[in-house]
1. Which value in Å does the Kirkwood hydrodynamic radius of the range 71-153 take, with 1/r averaged over all unlike C-alpha pairs and then inverted?
2. How much accessible area per residue does the range 230-284 have, counting only protein heavy atoms and a probe of 1.4 Å, in square angstrom?
3. Would you mind computing, in nm to one decimal, how far apart the modelled labels at residue 24 and residue 218 are, each placed 7 Å from Cα along Cα→Cβ?
4. Near residue 57, within a Cβ-to-Cβ distance under 13 Å, what is the net charge of the other residues, with Lys and Arg +1 and Asp and Glu -1?
5. In the Gaussian network model of the chain, springs joining C-alpha atoms below 10 Å, which of 263, 247, 56 carries the largest mean-square fluctuation?
6. For the chain, build the convex hull from the C-alpha positions and give me its volume per residue in Å³.
7. For the range 1-78, with equal point scatterers placed on the C-alpha atoms only and solvent neglected, what are the log10 I(q)/I(0) values from the Debye formula at q = 0.17, 0.21, 0.25 1/Å, to two decimals?
8. Among 162, 105, 48, whose mean-square fluctuation peaks in a Gaussian network model of the chain (Cα, cutoff 10 Å)?
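The values are calculated or read from the model by the stated rules, or taken from the named source; none is laboratory data. Here the structure is a predicted model, which is why all the values come from computation and not from measurement. Don't worry about glycine lacking a Cβ; one is built from the backbone with ideal geometry, like all the others, and counts go over all protein chains shown. These accessible areas exclude ligands, DNA and RNA; they are computed on the full protein's heavy atoms, side chains included. Shrake-Rupley method; radii C 1.70, N 1.55, O 1.52, S 1.80 Å.
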Amino acid sequence: MKCVLTFDLGGSKVYVGVLSTRGELLGEYRSSGANPVVQGESRCRKVLLRALKKAAESCGFTLGDVAVVTGNAFQADVSDDAFLRQAFPDADVYLTSEPMLNAMLSLHGSAGYTFHSGTGSYVSYFDGNECTNYGGFGRTYGDVGSGCEIGRLGVLAALHALDGSGEQTQLLGLLSQKCGVAEGEQFFDRVLKLAEPGILRGAKYFCTVTPLVFEAARGGDAVACTILRDSARALADYCRVLMTKRACPEEGIFGVSGGVFAAGTQGGEENLLLHYLKEELAQRFPKLSCRHDPLPLWQACYACYCRGRGVGNAVE
């Protein structure tokens, strides 16, 4: 029996779906992610290969049982797949761009906009064939509306509340609990050490703070709500750039992708970032409507493969 490995490589996690050759989900696997800007491409490849091998093994498959490996490329050149072909010499390797994968996930391959917020962020327009993107600048230039940036702003708000230079916010207490220290100088030093922006753990730490921003916002905290509203507004600004600079239409559908849009919900309530984004878009671009039925990651990866290879719904 052969299998298909689908993957999404992100800065916070690697997700792998193990499928039958008819496209049926057999199992899922997650590991820590990798960022090529911070860790380098060599490290990213090692992290991805390890996750793919462990995913196959977890479902009882050997590397020789893998018929297809497909997922998003972490580099701009999606043809740079030699490391995967070497690791899986008997498999059909097919890479797609992250914007294309997320367009399939959020829009099912239909034309429209995708607002992505994971560790990083961007907005893309898919015309039915190709994606046009804006954003994805990384921490150096600011990935507005991203998990990393929302978390960073949450940390900054807590520190400003501590030293009296900013508004009081629930984030100070929540972050203090997370650090396990009192709200004093020890807390300040602890946060500065954990959130050092020049190393990888800074990005990871900021992303772990992002759920605290959602928690505080759900509790009515004005500072946390402002962070999420401003993030939604910044993503809408990205959309405006695509419309004005890239001549993308001001009507159609939009969807969302990325872990931040899946965070901060309880009992079926709507994600607050999505809520604010809908409000912003309704005011600025009233001819855009939201699509609410994103595909699972494994299914979106598999759909990209089928689309790219023209094989329909099976790979046997």
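1. 14.0
2. 47
3. 3.6
4. Within the 13 Å Cβ shell, the charges total +2.
5. 247
6. Cα-based convex hull of the chain, divided per residue, equals 137 Å³.
7. Computed log10 I(q)/I(0) values: -0.60, -0.86, -1.12.
8. Highest fluctuation of the listed residues: 162.
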